[in-house]
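Here's the structure, in structure tokens; my notes come after.
The values are calculated or read from the model by the stated rules, or taken from the named source; none is laboratory data. Quick caveat, the model's predicted, so the values are computed rather than measured. FYI the Cβ positions are ideal-geometry reconstructions off the backbone, even for glycines, and counts take in every protein chain you see.
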């Protein structure tokens, strides 16, 4: 009887350890389990997405309001198309809002910054499936260094 209790306690201990490990993995990976009825999708077209990845955060003033869910390439224009999923709690962004690909620090991760646009009576709010027209691509550090070196060499002539 005593060995059965010990086996049962060891089993409960292992299951609780496995559950705690799963919670830790989800927190470290920054994964949130949400259903589609709690979010809405936006689409944006950029000229350059740099190192942006699926699951990169979408932020407004540093607050994460959504995630990048898909990155594809337009077959006609050959430009990246990014699909964002935004939490429905944040559904008051006018269609004049803009998106920019930003970097955390000098060499940190890239994320999308959403800047709310101006409000007017004629302007509607962004809704599920809307396309954000005002986008600003990523600044690639290597391109900036190349431009700096080129401008310095052209001044020397």
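The set of residues in the stretch 1-47 being modelled with pLDDT of 85 or more and surrounded by 11 or more Cβ atoms within 10 Å (Cβ to Cβ) consists of 38, 39, 40, 41, 42, 43, 44, 45, 46, 47.
Please list, ordered by residue number, the strands (runs of 3 or more DSSP E) wholly in the stretch 48-144 having 3 or more residues that are in contact with a helix residue (DSSP H, G or I) (Cβ under 8 Å, 6 or more places away or on another chain).
none
In this structure, residue 149 does not qualify as more than 14 Å from residue 42 (Cα to Cα), at pLDDT below 80 and either loosely packed, with under 12 Cβ neighbours inside 10 Å or in contact with a helix residue (DSSP H, G or I) (Cβ under 6 Å, 6 or more places away or on another chain) (or both).
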